[in-house]
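Below is one structure, written out as structure tokens; the observations come after it.
All of the numbers you see were taken from the coordinates with simple rules; none came from a lab. If you're wondering where the values come from, they're calculated on a predicted model, not measured in any experiment. Cβ placement follows ideal geometry from the backbone for every residue including glycine, while neighbour counts extend to all protein chains displayed.
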Amino acid sequence: MSARQDFWSRRKAAVAAEAEAEQRANEAMQAAEEQALQEEKSDAEILEELDLKDPDLLEPGDDFSAFMKAAVPERLRRRALRKLWLTNPTLANVDGLVDYGEDFTDAATVVENLQTTYQVGKGMLKHILEMERQEAAKQSSEEDPVDAEETIEVAGTDETQQAEPQFADTPRPETPATQSAGTEAEDTDPAPTRRRMRFEFT
């Protein structure tokens, strides 16, 4: 394939893509306009224009596929599907093995007027403050027994000093054991003093 043919091939593909994108944009614009017009109309008027039955009056065996067309507004389609779910026994009788068969919306799980200690940007502030208060109380209770022990010890020391007996300076009678101990002390020579050598350098 020559370069000229390759250029025209790319050009043709680009023109086709532009035309397809423009068509999709026009369809989206038309759908938006139709939806805006349908929003202004009531459900009864739309059902009359489309020749459809009221979704709430549908019974088993009725044709629900008519509500799946693009011309039917989303709100009417949902009403028809909700009625189909109730009228079809296969869909209405859930076996209980569906993983997401329960109602997990906020209305089913959130308690009315629920109070929480969580604050945006601060987290569980009340819980943290309570923990700090308990920690401070624990530290103060640990420090108080130490002061009490010191007070008791000081008081006990004063009482001991006051309870010590006071003896008069009266001479005790000498006993034979005392006399012999004094004699031995007199007979014992005093311990020799240690001599130290001193050096002087000039």
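Would you point out the residue of the stretch 42-64, among those that are without any contact (Cβ under 8 Å) to a residue 24 or more places away in the chain and under 48 Å from the mean Cα position of the chain (by Cα), that is farthest from ASN88 (Cα to Cα)? Among residues in the stretch 42-64 that are without any contact (Cβ under 8 Å) to a residue 24 or more places away in the chain and under 48 Å from the mean Cα position of the chain (by Cα), the one farthest from ASN88 (Cα to Cα) is SER42. Residue check: PRO60 meets all listed conditions (1) surrounded by 16 or more Cβ atoms within 10 Å (Cβ to Cβ); (2) touching a Ser or Thr at 6+ places or on another chain (Cβ under 8 Å) but one, namely (1).
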